[in-house]
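The values are calculated or read from the model by the stated rules, or taken from the named source; none is laboratory data. Keep in mind that this is a model prediction, so the values were computed, not measured. Glycine gets a Cβ as well: all are built from the backbone with ideal geometry, and neighbour counts include every protein chain shown.
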Amino acid sequence: MSEPQPGTPVDLLTSRSRTDPDRELVRFDDGTRMRVGDADEGSRALAARLPVPPGTRVLTCVRPGRSAVDLLFGLARQGAVEVPLALDVTFPAAESVRRSTGATVLVAGTSALTGNPALATLLDRVGRVVLVPEDDPAPPGHPLLDELPVTGVREHRPAPGDVLVVLSTSGTTGRPKAAELPHFAAVRHARRVAATMGYGPGDVLLNVFPWNHVNVRHTALLPALLTGARLVAHRRFSASRFWDVCRGEGVTAFNFMGAMLAILDRRPGTDHDHAVRLAYGAPAPAELAARFLRRFGVKALEAYASTELGDVAANTPDDWRPGTAGRVVPEYEVAILDDTGRPLPRGETGQIAARAKLPDMRFRGYAGDPAATAAVLRDGWFRTGDRGRLDADGYLTFAGRRGDVVRRRGENIATWEVEQVLRALPGVVDAAVVGVESDLTEQELLVVLATADHALDGPAVRDWCRTRLPRHAQPRYVRIARELPRNGSGKVVKSLLPSTVDESTWDAEARSAQ
């Protein structure tokens, strides 16, 4: 029997389990450890207890741990399609995903159900419910996974182009969509991240992101499986314990998103007493990346990626240009388009579009939404909705969401560019800029700041911006907050930010009128 080609995650697992079954693959913060052989055996056991026909869409919602890994590989082994839900998913979001994907099975953890009543409402909407034992007792009326009878495992080797998983996009500026990802897209993404970061058997990778997200699955677990590295998967990010965890686990690299780097940077002191040398993610503004290297000895390598495409551009340890997302990876072509869809020359900012050079390495489409799919996929090119530019050397710089623009005094202002300036202000953990209605038509800029400095106020913010932003881009309104609203992957959800001003909002024009 010939060795299977590693075109699917199950191929990777099968191959690794034959050669290195006793190598530790993943360690969770509750102390659970899984070897490569455990993952292989667990996936086969799950397939034997929960056999489903190939192509079946299965909703899953379990706490991070062994069950999450068993489901990932066990469903893939049968050719089923996993549709993972966030632990804090709302009922409207869960029901929307169920409808769009046509999911007929739900596998839910007992503690996930206890912690989120919205999931209980979903139980009556699917044809079959199976519960995974967790800390909390199971509600009556549904079978437990480990009590189901064992059947013969019906092996179904999926093709690289078959759908592996349906992942919800972040939806920070619009309605989340369910992206259908083929098996090979996951494998290609893992290979790219492993090559970019230079991972090997001696690496220990820390990830703190939820298991319904592409980050921990395709840029941490699968790269660990591919290279022989070990994944340390924690349920949440703790700034106060971060470096202690890295020391205790021997972490050599970690993934970051959102304000994670900025939060670590705002903590006092320096720390070089650890084995961490690299971090992978976004964003990593040049000033922040320089401070992070100086204070912690860690290169924060920014990449440009999306759920639909995986990594499109990336910095590497040997080819690092802070402030950019690095060079375009060999598997993609990238073009920068103007508003009419025509390519722009190097150095100009427009919409980022990408085209895959290999089959089955990007998403297939949005489940149940052909109109949304057609709107972004044209002639093989994916219109990302992001703004960016390519410089003369081929480095890509992300410049915010295309629709995240405020029109003020006849000028279009990219809020990302204002936010970058504000994030460099001492005392600011993160910044978000939105437009609010103006008496003079168009809009005014409102900035909401999460701060680590209680003395920071509106005048200080305005003074900081005075010489760093053009006059039309200087925010009129400033609001200080304890934190910004985020989704499970750490991205700011601007739809939850204030759209009006109140007495807690500082007004630069009211100040100037005094």
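Being buried (at least 18 other Cβ atoms within 10 Å of the Cβ), aliphatic (A, V, I, L, M) and assigned to a helix (DSSP H, G or I) is the filter here; which residues of region 458-504 pass it?
Correct list: V461, A473.
Name the pairs whose Cβ atoms lie under 6 Å apart, with the first residue in region 276-295 and on the phi < 0 side of the Ramachandran plot and of a type in the set (D, E, K, R), the second modelled with pLDDT under 95 and assigned to a loop (DSSP other than H, G, I, E, B), and 6 or more positions between them or separate chains?
Filtered contacts from region 276-295: E287/A424; R295/T270.
Would you check which residues across region 367-378 are out of contact with any strand residue (DSSP E or B) (no Cβ under 8 Å at 6 or more places or on another chain) and either over 20 Å from D311 (Cα atoms) or assigned to a helix (DSSP H, G or I) (or both) and list them?
P370, A371, A374
Condition check ((1) over 30 Å from S17 (Cβ atoms); (2) modelled with pLDDT under 95; (3) aliphatic (A, V, I, L, M)) across all residues:
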{"position": "G74", "(1), (2), (3)": "no, no, no"}
{"position": "A103", "(1), (2), (3)": "no, no, yes"}
{"position": "A118", "(1), (2), (3)": "yes, yes, yes"}
{"position": "L122", "(1), (2), (3)": "yes, yes, yes"}
{"position": "V126", "(1), (2), (3)": "yes, yes, yes"}
{"position": "V130", "(1), (2), (3)": "no, no, yes"}
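Does region 220-261 hold any residues that are within 17 Å of the chain's Cα centre (by Cα) and either not assigned by TED's automatic domain parsing to the domain that holds H189 or not in a strand (DSSP E or B) (or both), and which are they?
Across region 220-261, the qualifying residues are A220, L221, L222, P223, H234, R235, R236, F237, G258, A259, M260, L261.
Out of (1) under 23 Å from the mean Cα position of the chain (by Cα); (2) among the acidic types (D, E); (3) within 25 Å of G42 (Cα to Cα), what's the single condition that is false for E134?
(1)
From V376, V428, V406, V334, grab the single residue that is under 20 Å from the mean Cα position of the chain (by Cα) and of a type in the set (V, I, T).
Answer to the check: V376.
For (1) in contact (Cβ under 8 Å) with a residue 24 or more places away in the chain; (2) in contact with a strand residue (DSSP E or B) (Cβ under 6 Å, 6 or more places away or on another chain), each residue gets a yes or a no:
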residue	(1), (2)
L123	no, yes
G127	no, no
V132	yes, yes
F184	yes, no
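One line per residue, one yes/no per condition, for (1) part of a strand (DSSP E or B); (2) surrounded by fewer than 20 Cβ atoms within 10 Å (Cβ to Cβ); (3) at pLDDT 80 or above:
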| residue | (1), (2), (3) |
| --- | --- |
| A392 | no, yes, yes |
| I413 | yes, no, yes |
| Q420 | no, no, yes |
| L425 | no, yes, yes |
| A431 | yes, no, yes |
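Taking R402 as meeting all but one of (1) under 30 Å from R291 (Cβ atoms); (2) modelled with pLDDT under 85; (3) exposed (fewer than 14 other Cβ atoms within 10 Å of the Cβ), write down the number of the exception.
Condition (3) is where R402 drops out.
Quick one: in region 262-277, of everything that is outside any helix (DSSP H, G or I) and aliphatic (A, V, I, L, M), which residue is nearest to L205 (Cα to Cα)?
V276
Just for region 293-314: of the residues that are in contact with a strand residue (DSSP E or B) (Cβ under 7 Å, 6 or more places away or on another chain) and within 26 Å of R267 (Cα to Cα), which one is surrounded by the fewest Cβ atoms within 10 Å (Cβ to Cβ)?
In this case the residue turns out to be L293.
Working only within region 306-331, note down all residues that are within 21 Å of H213 (Cβ to Cβ) and either aromatic (F, W, Y) or not in a loop (DSSP other than H, G, I, E, B) (or both).
Answer for region 306-331, where residues must be within 21 Å of H213 (Cβ to Cβ) and either aromatic (F, W, Y) or not in a loop (DSSP other than H, G, I, E, B) (or both): S306, G310, D311, V312, A313, A314.
Test T340 against the criterion of being buried (at least 17 other Cβ atoms within 10 Å of the Cβ), over 22 Å from the mean Cα position of the chain (by Cα) and modelled with pLDDT under 95, and give yes or no.
no
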